[in-house]
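The values are calculated or read from the model by the stated rules, or taken from the named source; none is laboratory data. Predicted, not measured: the structure shown is a model, and the values here were computed from it. Ideal geometry is used to build each Cβ from the backbone, glycine not excepted, and the neighbour counts take in all protein chains shown. Quick note on the areas: whole protein, heavy atoms, side chains included, nothing else; ligands and nucleic acids left out. Shrake-Rupley method; radii C 1.70, N 1.55, O 1.52, S 1.80 Å.
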Amino acid sequence: MKKLTTHLINIALILAFIFGAYYVYQLSHKKKPEDLYRLQPVTMGDIEQNVTANGTINPVSLVNVGTQVSGRVKKIYADYNVQVKQGQVLLELEDELFKAQIAASLGNIKNNEASLELAKANEARMRSLFEKEYVSKQELDQSVQALKSAEAQLSTTKAQLKRDQTNYSYSIIKSPVSGVVVDRVVDVGQTVAASLQTPTLFKIAQDLSKMQINTSFAEADIGRILVGQTAKFNVDAFPNKNFEGVVKQIRLNPTNTANVVTYDVVISVDNPEQLLLPGMTAYVNINFAKHENVLLVPNAALRYRPKNEELNLAMKKDKKPDDNKSKTKSDDLGSGKIYVLRNNKPEMIRVKTSITNGKFTEIISSDIKANELVITADMASDQKTGSSANRPPRVF
């Protein structure tokens, strides 16, 4: 009997030792919250919301200088990047043909002047004879008609001379404005033909100290852009330099490309140092909202949803954000919920959301303080989607 009792006691002690060891093992190997969730802290800071687009830098006024007459280029007096004044000669066409036409018109005028003198003499003679009743009224009328016809013919030839002289003046191309030659299309000896469309010879930028950016914004963003807003932009030529401009015009004519509707926005830019050149690509950023010293959470925290919200979650009922804070923000607020790690357990809290910059979102809530840890993802799901070597740190 004693041996059986001793045997049972030994078995009980062994079982107790096994269960105790298992309990200690479970406690020592219990997963920590950072092993279950990806965590990031709530921060205090400034946030800006903006819209971005690419555009092209152009002169405010770019004049295409062409020709109204055809001919071969005889001389060129202006080249690329040359400063020109209004009325300055840029180019000359060969003028022999124009001079010949002027000479022909002058000969026609002299011929018609002689015809007019003869018609005047005939009309005076016929009028004198008619008074003496030597000729009929019809003959007098014919002489008057011949005189008027000669006068009209003389006027026509004078107009032809004027046209030929004008065409001759068009063979000398002058600058219509003061500015910089940014493009020259022709060379000496080249023939230009002006028919239904005027050929372009030069392109002159009127003032490179004033530029403009022509860009397009999607219809979802156009409502936030207003004339007079400040626009910041960068160019590839000066990647470390920030430039500023002002929204000058929002054009009402939409552009539909593959069912995407965009609107042209013109941004005026001062270019006193003339660092910005025509044709440069500008990466435009227009800021339309900025809040300072506010609570910020990663956008991933607002998207996070646990696999089973009823499992080990100490959920709070819906709570209204602090009314005083809500009044200081925009009326256009959204709502969302985030999961905060408290007492090693996730706790759901509903918040009001304000502006976002694509990475962080401003939240308004009296239940959250800076530096509290919010859950952005489950570690178990991360292990399924990628290796641990590619994962960022668990706590930031």
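Does at least one position in the stretch 290-303 carry a residue that is part of a strand (DSSP E or B), surrounded by 15 or more Cβ atoms within 10 Å (Cβ to Cβ) and under 13 Å from the mean Cα position of the chain (by Cα)? Among the residues of the stretch 290-303, not one is part of a strand (DSSP E or B), surrounded by 15 or more Cβ atoms within 10 Å (Cβ to Cβ) and under 13 Å from the mean Cα position of the chain (by Cα), which makes the answer no.
I'd like to know if the stretch 133-147 contains one or more residues that are over 30 Å from SER171 (Cα atoms), open to solvent by 60 Å² or more (accessible area, probe 1.4 Å) and not in a helix (DSSP H, G or I). Yes. Could you grab me the full set of residues in the stretch 247-289 that are surrounded by fewer than 16 Cβ atoms within 10 Å (Cβ to Cβ) and assigned to a loop (DSSP other than H, G, I, E, B)? Those that are surrounded by fewer than 16 Cβ atoms within 10 Å (Cβ to Cβ) and assigned to a loop (DSSP other than H, G, I, E, B): ALA258, ASN259, PRO272, GLU273, GLN274, LEU275, LEU277, GLY279.
The set of residues in the stretch 45-74 that are assigned to a loop (DSSP other than H, G, I, E, B), open to solvent by less than 80 Å² (accessible area, probe 1.4 Å) and over 16 Å from ASP207 (Cα atoms) comprises THR67, VAL69, SER70. Annotation note: Cβ proximity below 8 Å between a residue of the stretch 122-137 that is farther than 16 Å from ALA150 by Cβ and a residue that is open to solvent by 100 Å² or more (accessible area, probe 1.4 Å) (sequence gap 6+ or interchain) occurs for PHE130/LYS137. Mind checking which pairs have a first residue in the stretch 270-293 that is under 27 Å from GLY358 (Cα atoms) and of a type in the set (D, E, K, R) and a second that is at pLDDT below 90 and open to solvent by 50 Å² or more (accessible area, probe 1.4 Å), Cβ under 7 Å, 6 or more apart or different chains? Taking only residues 6 or more apart or on different chains, the pairs are LYS290/GLU48. Every listed requirement among (1) closer than 30 Å to ASP187 by Cα; (2) open to solvent by less than 70 Å² (accessible area, probe 1.4 Å); (3) touching a residue at least 12 places away in the same chain (Cβ under 8 Å) is met by TYR77 save one, (2).
For the stretch 199-243, which residues satisfy the criterion of being of a type in the set (Gly, Ala, Ser), in contact (Cβ under 8 Å) with a residue 24 or more places away in the chain and over 30 Å from VAL63 (Cβ atoms)? If the condition is that a residue be of a type in the set (Gly, Ala, Ser), in contact (Cβ under 8 Å) with a residue 24 or more places away in the chain and over 30 Å from VAL63 (Cβ atoms), then ALA218 is the only one that fits.
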